[in-house]
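The structure appears right after this line, and notes come after that.
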Amino acid sequence: MMRPPAAGRARRLWGGWREDVGTAQLGSDRRPGDGPGTRGGGPGREQRERAVAVALDALRRTGGHRRGLAAELAREHGGVDRSWQRAVNEARVVYEREQSAEPGTPP
């Protein structure tokens, strides 16, 4: 009698284990690579709006963007630099739009 190839044995072993343990149903409604982040997890838009408002206020106080602003806001208000960098980028768009809308001020 001939033995099945190793890959076939491994598939059968894994399949039997999944049925015995009950993991055959885990993730059956998910796409491969579909992590919890794609389901709306994480902080809400309200938190982002508050961070953008804080960053926009800082931009107005300092007269525009300067290097290290996101890190300074992270130290002052808590959170990670990268989140504050996103908020500063969003606030810069708003700030530059405000500046270009006001006559007599440089953009």
Pop a pseudo-label 7 angstrom from the Cα along the beta-carbon direction at both His77 and Ser100 and give the gap in nm to one decimal. 2.4 nm
If you plug each phi of the stretch 86-101 into the Karplus form 6.51 cos²θ - 1.76 cosθ + 1.60 with θ = phi - 60°, what whole-Hz ³J(HN,Hα) values come out, in order, with x for Gly and Pro? 4, 5, 5, 4, 5, 5, 4, 4, 5, 4, 5, 5, 4, 5, 6, 7
Once the piece of chain linking Arg67 and Arg12 is laid out straight, how much longer is it, given 0.36 nm per residue of separation minus the C-alpha distance between them? 14.0 nm
Dipole of the stretch 48-88, Cα-centred, from +1 at each Lys and Arg C-beta and -1 at each Asp and Glu C-beta, to the nearest 20 debye? 100 debye
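We did not get these values from a lab; they are worked out from the coordinates using the rules stated. Just so it is clear, the structure is predicted and the values come from calculations on it, not from any experiment. Every residue, glycine as well, gets a Cβ built from its backbone with ideal geometry; the counts of neighbours run over all protein chains shown.
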